[in-house]
Amino acid sequence: MRTKRRGIVSVVAVLALVLPVVIAQATTADPANEHYERTWERTDRPVDTGQVDRTWMWGPGANTASMWEPYAESPDGQREVQYYDKSRMEINLTGEPEDSLWYVTNGLLVVEMVTGQIQVGHDSWEPHDGDTLPVAGDHDGETGPTYEALAGLLDPVEDRGQDAITKIVDQHGDVSDDPGLEDQGVYTAHYDDVTGHNIAEPFWNFMTSSGLVFENGEYVHGAMFEHPVYATGRPITEPYWAHVPVGGDEQWVLLQAFERRVLTYTPGNPDGWKVEAGNVGRHYFEWRYGYPVDHEPPPSDDTADDTTSPGNGGPPPGTGDDSAPPPGNGDDGVDDGIDDGIDDGVDDGVDDGVDDDNGDVLPEDLDLGIDAEVNVAGTPVVTATTNLNNPSSWEGDVRLVMDCNGDEVDHAWVSLDPQGSASASLSHETSGILSVETCTVTALIDDEEIDSGTIVIADILPGLSEFIDLDLDLLGTIEVNLIGANLLTLNGTLTNNSDVDVDVKLEATDHDGWTDERTVTLGPGQATNYSFEREVGGLISIDQYTVTASVDDVELESVTITSVSVLDL
């Protein structure tokens with residue numbers, strides 16, 4: 001199984017039934033340019049065409065035409081923006097290649113609404129009243145927190161590990177604790193050591209998830225977000241429960257504010273819609289301009305050159321968009337634009353395509369392909385044989401990194417000659433029963449991503465997955481009856497420590513070719529004694545006996561026993 005760039009290898013696929021969704025919607029505008037269109041299409045075209053049933057990341061379409069807003073470091077002090085339900089797309093014209101993930105960015109809309117500061121340049125902020133719209137739930141809800149109310153919850157906290165989320169935030173930003181919310185079964189899962197906040201498990205799973213996306217003119221399976229923090233930014237608050245009206249019905253909703261988005265988790269929603277992106281784009285537009293986005297957009301500033309075409313020159317997006325927290329906030333955990341932990345795709349500010357070691361232009365891609373195999377004997381191990389083909393005159397070392405569910409699990413170095421090829425094997429020990437994991441292999445040259453491919457492991461070997469990683473205790477003892485037939489008895493105990501029913505085949509063998517077998521059925525937590533009898537003979541007979549437990553011909557456990565027989569009666 002081989003994947004092209006940012007392709008997908010499905011080791012074992014799980015069939016999912018996808019139902020089309022028909023949603024009534026208001027008239028929307030077309031994307032302002034091809035770059036915005038490409039960004040919208042990747043996650044939202046599959047939703048728009050009914051190919052998948054999940055939350056929008058932008059919305060059915062743009063809510064405004066192209067607009068120009070002041071930004072000191074952009075040409076003529078203006079940058080091109082366009083508003084959507086969920087966010088704002090922007091091009092800062094700051095040196096990032098047009099085909100880069102970071103050429104089109106999201107604004108720090110949540111940071112601005114919470115702090116009451118509008119960013120108009122790398123280090124320039126204009127004061128504005130905090131936003132009093134509710135963060136989650138109905139637009140006219142009064143029980144949940146407003147953006148302004150979150151301003152007191154920005155201070156960094158400690159890593160909580162996997163901790164049950166039971167904190168509640170009200171409309172004033174006051175926090176209380178309800179231990180009963182532990183029954184919701186929602187935990188923290190990832191700690192961002194840059195902003196100092198824990199990300200709730202449903203949100204981290206969403207940020208690192210895979211699914212159907214539209215890329216290069218076709219529907220493919222791949223990572224929902226090419227980088228976990230691209231759409232959301234980093235967390236600026238902890239996750240909190242809020243009791244808010246949703247369609248007029250009061251219910252518990254988990255919410256968390258990130259730099260660019262607010263994510264919500266509603267347990268009662270159907271799959272695909274449990275995690276949603278809030279209508280931050282609509283909220284921000286109304287907050288900034290004083291009226292709903294459905295009105296005509298404000299005119300562009302007369303000083304802006306509306307004919308300016310997207311170009312390059314200056315620092316890349318990220319150093320401008322995330323450059324500094326609003327003045328007066330101190331160290332409030334807001335991303336300062338410096339890559340301190342997660343690689344957000346921005347390196348040193350200039351992507352000149354040049355490798356500093358040898359001066360040759362780096363290859364744009366390496367035709368990365370993955371051949372994936374799963375070894376299911378014992379603990380399942382995924383082996384990803386990664387093949388690279390260098391179409392350029394560049395030569396040097398490439399670092400391959402394998403990340404699974406957000407954690408690096410293996411890496412390797414390969415050397416490439418001009419127009420050469422190479423391969424390396426990376427491995428990952430999977431989590432076992434009904435495992436659904438996403439692994440990405442990335443090729444890096446001088447820490448710059450050149451190519452990547454994705455592997456999805458879903459329900460390893462249907463029919464066998466329930467037996468993977470069973471903790472079977474196989475104990476053996478020997479008894480020898482020296483009266484009559486000289487019987488040697490192999491005794492042992494087999495314990496099923498899994499939570500599923502198993503049919504286990506027990507087989508006893510020795511080096512002379514003797515064999516005996518039987519099958520036992522064990523429920524969860526059950527144990528059974530087994531016994532095999534073997535006629536022995538001869539003076540000072542030394543034998544080795546092996547008892548093996550297997551399921552569907554996959555060996556799970558074995559024990560070897562040595563016997564010594566000294567009498568032949």
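Data overview
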{"quantity": "Three-way shape call for the range 181-239 based on the alpha-carbon gyration tensor, with the a/c threshold at 1.5", "calculated": "oblate"}
{"quantity": "Cα gyration tensor category, rounded, prolate or oblate, for the range 48-157 with a/c compared to 1.5", "calculated": "oblate"}
{"quantity": "Per residue accessible area in Å² of the range 21-164, where ligands, DNA and RNA are left out and the probe is 1.4 Å", "calculated": "38"}
{"quantity": "The range 119-153 and the range 156-235: distance between their alpha carbon centers, rounded to Å", "calculated": "20"}
{"quantity": "For residue 29, distant residues with modelled amide H under 5 Å away", "calculated": "62, 63, 64"}
{"quantity": "Cα shape, the range 26-66, gyration tensor, a/c 1.5 rule", "calculated": "oblate"}
{"quantity": "Other-chain or far-sequence residues with amide H under 5 Å of residue 362's (modelled H)", "calculated": "354, 355"}
{"quantity": "Neighbour-limited loop hits for GluC sites (Glu not before Pro), the range 62-158 (at most 11 other Cβ within 10 Å; DSSP other than H, G, I, E, B)", "calculated": "142, 158"}
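The values are calculated or read from the model by the stated rules, or taken from the named source; none is laboratory data. All figures in this text were calculated on a predicted structure; none of them were measured in a lab. Reconstructed Cβ throughout: ideal geometry from the backbone, glycine too, with neighbour counts over all protein chains shown. The area values use the complete protein model at the heavy-atom level, side chains included, leaving out ligands, DNA and RNA. Shrake-Rupley method; radii C 1.70, N 1.55, O 1.52, S 1.80 Å.
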